[in-house]
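Q: I have a structure I would like to understand better, so I am pasting it below and will then ask my questions one at a time.
The values are calculated or read from the model by the stated rules, or taken from the named source; none is laboratory data. Bear in mind the structure is a predicted one, so any value in this text is a computation, not a measurement. Here the Cβ positions follow ideal geometry from the backbone for every residue, glycine too, while neighbour counts run over all protein chains shown.
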Amino acid sequence: MRKRTAFYGLAALLLFLSTGLSVSERPADEPLFTQRPNILWILSEDISTELACYGTSVVQTPNLDQMAKDGIRYTNAFTTAPVCSPSRSAIITGMYQTSIGAHNHRSHRDDGYKLPAPVKPITDYLRQAGYYTVNVKTAAPGVTTPTKTDFNFLPDHPVFDGTDWNQRQPGQPFFAQLTIDETHRGKAWKTVVKQHEPHIRPEDVVLPPYYPDHPVARADWATYLESIQLMDSYVGKILQRLKDEGIADNTVVIFSGDNGRCHARDKQFLYEGGIHVPLIIRWPGKLKAGQVNTDLISAIDVSATILKLAGVTPPAYLDGRVMLGKDAKKRDYIIAARDRMDETVDKMRCVRDKRFKYIRNYRPEVPYMQPNAYKETEYPMWNLLKELNQQGKLTSAQALFVAPTKPTEELYDLQTDPHELSNLAASAKHRKTRDKMRTILDAWVRETNDQGQYTEEKIWLPKK
């Protein structure tokens, strides 16, 4: 009975979706579809919107471009944290990581920390609705993917049922999370990324103005874009697998980043490069093709929407909002948070609407570029910025990030200043906007019981 109720609930949802759904003509007595949809969420690690369909001409991403043509491309999608473990903790629960005590990067790995009641992973609700839940290990022939979870809590039981949707019962719908890690800075950038065609010439890339126009910076940025091209080829193989298995038409495919790109000033920070991610959703015959959606979307909204698509009423406690259909609740702003990253203790919060972003730095006395073992060994541009700063060779835009302290507040007009270089927090002209953003953030801290208000009991330090 539960499955039947879920089926009719989803059918009703699809029939009355008022935004973005196309229903082809059919006899009045013919059901909208014969079974609940499979749901596949592809998470590419550490990427921002450097895809061809988002306007990056030097990169070639034909598979994701086609997916965007076949579905909906979102231009204002954001993660709730600029690094993987708090972001993924939020995604799997539909909650702000700050609401559930999962805000510090790579925390609670050995202290038995549990999710606060009544919070559960969304896979619990999907499993109760009859879904087989998967953390994919082999995505397609020749594409092995890490079964990454990276949650900052200890679940009561396994979050996923298996590692491949072919392990499910015949006819059983599945929800699958699939991670592609070649876009994550690491050994792949020196091996399979470099071996993949086509190569991107460093002299052809366009660097953000806060990076120095230097051969080291250009080469590193080109490698990042090449990793996206390799990732796109994997997406093509995954979509082909769905087609070969005859399940493409009844599978909702969601593609997004887990957080922003792995570069200095981006990942681990609340600027656009740290939290703005691509989001593309395809569902053949159900979602109207070729849409471009400009609504403000938080990654936890995808989590809530997945439950709705599966016929599950999202629990009332969720921070995420359904973003499709007649039950969609649009956001006036999104919130993101940065707390301890690796051994670097800091705290930042941001409020972003469609035009302005407000950032509050709770520790303005410490620099953005605090000592960090990971960045100092893995980020060529991190050390390049410091070296060029000592030589007095940085522009004013590039020197902002290497300053010895941070402003307490930052306010940017993203319409006129998309790279967030001109801080308007002290501008009399923008006082009203700044005060409004302040009020929004203060209310959010109270209403969500932001756990960043409290001191972390145990600080993680890198192993020597």
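Q: I'd like the full set of residues that are closer than 18 Å to residue 127 by Cβ and assigned to a loop (DSSP other than H, G, I, E, B), limited to segment 304-333.
A: Of everything in segment 304-333, those that are closer than 18 Å to residue 127 by Cβ and assigned to a loop (DSSP other than H, G, I, E, B) turn out to be 310, 311, 312, 313, 314, 315, 318.
Q: If you go through segment 200-231, how many residues are part of a loop (DSSP other than H, G, I, E, B) and farther than 27 Å from residue 387 by Cβ?
A: Number of matching residues: 0.
Q: Within segment 295-335, how many residues are in contact with an Asp or Glu (Cβ under 8 Å, 6 or more places away or on another chain), charged (D, E, K, R) and under 28 Å from residue 438 (Cβ atoms)?
A: 4
Q: Of all residues in segment 347-391, which are more than 14 Å from residue 403 (Cβ to Cβ), in a loop (DSSP other than H, G, I, E, B) and not aromatic (Phe, Trp, Tyr)?
A: Across segment 347-391, the qualifying residues are 347, 353, 354, 355, 371, 372, 391.
Q: Something else about it: Give 441, 411, 421, 400 a once-over and let me know the one that is assigned to a loop (DSSP other than H, G, I, E, B), assigned by TED's automatic domain parsing to the domain that holds residue 374 and modelled with pLDDT of 95 or more.
A: 421
A quick yes/no check of all residues on (1) at pLDDT below 95; (2) under 23 Å from residue 141 (Cα atoms); (3) of a type in the set (A, V, I, L, M):
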position: 162; (1), (2), (3): no, yes, no
position: 178; (1), (2), (3): no, yes, yes
position: 202; (1), (2), (3): no, no, no
position: 240; (1), (2), (3): no, yes, no
position: 250; (1), (2), (3): no, yes, no
position: 268; (1), (2), (3): no, no, no
position: 276; (1), (2), (3): no, no, no
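Q: Any residue in segment 295-308 that is over 30 Å from residue 174 (Cβ atoms), in contact with a Gly (Cβ under 8 Å, 6 or more places away or on another chain) and crowded, with 23+ Cβ neighbours inside 10 Å?
A: First pass over segment 295-308, keeping only residues over 30 Å from residue 174 (Cβ atoms): none.
No, segment 295-308 has no match at all.
Q: When you go through 249, 301, 295 one by one, which is the residue that is in a helix (DSSP H, G or I), acidic (Asp, Glu) and touching a Lys or Arg at 6+ places or on another chain (Cβ under 8 Å)?
A: Being in a helix (DSSP H, G or I), acidic (Asp, Glu) and touching a Lys or Arg at 6+ places or on another chain (Cβ under 8 Å) holds for just one of 249, 301, 295, which is 301.
Q: Within segment 151-192, take every residue that is outside any loop (DSSP other than H, G, I, E, B), touching a helix residue (DSSP H, G or I) at 6+ places or on another chain (Cβ under 6 Å) and among the aromatic types (Phe, Trp, Tyr) and give me the one that is farthest from residue 115 (Cα to Cα).
A: The extreme case among them is 189.
Q: Select from segment 68-91 the residues that are farther than 29 Å from residue 340 by Cα and of a type in the set (D, E, K, R) and write down the one among them that is surrounded by the most Cβ atoms within 10 Å (Cβ to Cβ).
A: Among those residues, the one meeting the criterion is 73.
Residue-by-condition table, conditions (1) in contact with a Phe, Trp or Tyr (Cβ under 9 Å, 6 or more places away or on another chain); (2) at pLDDT 95 or above; (3) of a type outside the set (Gly, Ala, Ser); (4) in the same structural domain as residue 158 (by TED's automatic domain parsing):
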{"position": "103", "(1), (2), (3), (4)": "yes, yes, yes, yes"}
{"position": "106", "(1), (2), (3), (4)": "yes, no, yes, yes"}
{"position": "110", "(1), (2), (3), (4)": "no, no, yes, yes"}
{"position": "115", "(1), (2), (3), (4)": "yes, yes, yes, yes"}
{"position": "121", "(1), (2), (3), (4)": "yes, yes, yes, yes"}
{"position": "124", "(1), (2), (3), (4)": "no, yes, yes, yes"}
{"position": "129", "(1), (2), (3), (4)": "no, yes, no, yes"}
{"position": "143", "(1), (2), (3), (4)": "yes, no, yes, yes"}
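Q: Looking at (1) buried (at least 20 other Cβ atoms within 10 Å of the Cβ); (2) not in a strand (DSSP E or B), which is the only condition residue 241 fails?
A: Looking at each condition in turn, residue 241 falls short on (1).
Q: Select from segment 389-432 the residues that are of a type in the set (Gly, Ala, Ser) and under 14 Å from residue 367 (Cβ atoms) and write down the one among them that is surrounded by the most Cβ atoms within 10 Å (Cβ to Cβ).
A: Ranking the qualifying residues of segment 389-432, first place goes to 399.
Q: In the list 235, 159, which residue meets the criterion of being in the same structural domain as residue 61 (by TED's automatic domain parsing) and either over 28 Å from residue 73 (Cα atoms) or surrounded by fewer than 16 Cβ atoms within 10 Å (Cβ to Cβ) (or both)?
A: Answer to the selection: 159.
Q: Further question: Tally time: how many residues in segment 97-124 are surrounded by fewer than 21 Cβ atoms within 10 Å (Cβ to Cβ) and under 30 Å from residue 243 (Cβ atoms)?
A: Selection size over segment 97-124: 0.
Q: Go through segment 97-150 and count every residue that is in a loop (DSSP other than H, G, I, E, B), in contact with a Pro (Cβ under 8 Å, 6 or more places away or on another chain) and of a type in the set (Phe, Trp, Tyr).
A: So the answer is 1.
Q: Next up: Take residue 319 and decide whether it is buried (at least 22 other Cβ atoms within 10 Å of the Cβ) and among the acidic types (Asp, Glu).
A: So residue 319 passes the test.
Q: Here is a follow-up. Let me confirm something: among 362, 317, which residue is aromatic (Phe, Trp, Tyr) and touching a Lys or Arg at 6+ places or on another chain (Cβ under 7 Å)?
A: None of the others qualify; the one that does is 362.
Q: Now for a different question. Out of (1) touching a residue at least 60 places away in the same chain (Cβ under 8 Å); (2) surrounded by 18 or more Cβ atoms within 10 Å (Cβ to Cβ); (3) more than 23 Å from the chain's Cα centre (by Cα), what's the single condition that is false for residue 168?
A: Tallying (1) touching a residue at least 60 places away in the same chain (Cβ under 8 Å); (2) surrounded by 18 or more Cβ atoms within 10 Å (Cβ to Cβ); (3) more than 23 Å from the chain's Cα centre (by Cα), residue 168 fails exactly one: (1).
Q: Quick check on residue 77: is it more than 16 Å from residue 230 (Cα to Cα), assigned by TED's automatic domain parsing to the domain that holds residue 238, modelled with pLDDT of 95 or more and not charged (D, E, K, R)?
A: Judged against the criteria, residue 77 is a match.
Q: Another question, then. How many residues are basic (Lys, Arg) and surrounded by 15 or more Cβ atoms within 10 Å (Cβ to Cβ) when one looks only at segment 171-191?
A: Count: 1.
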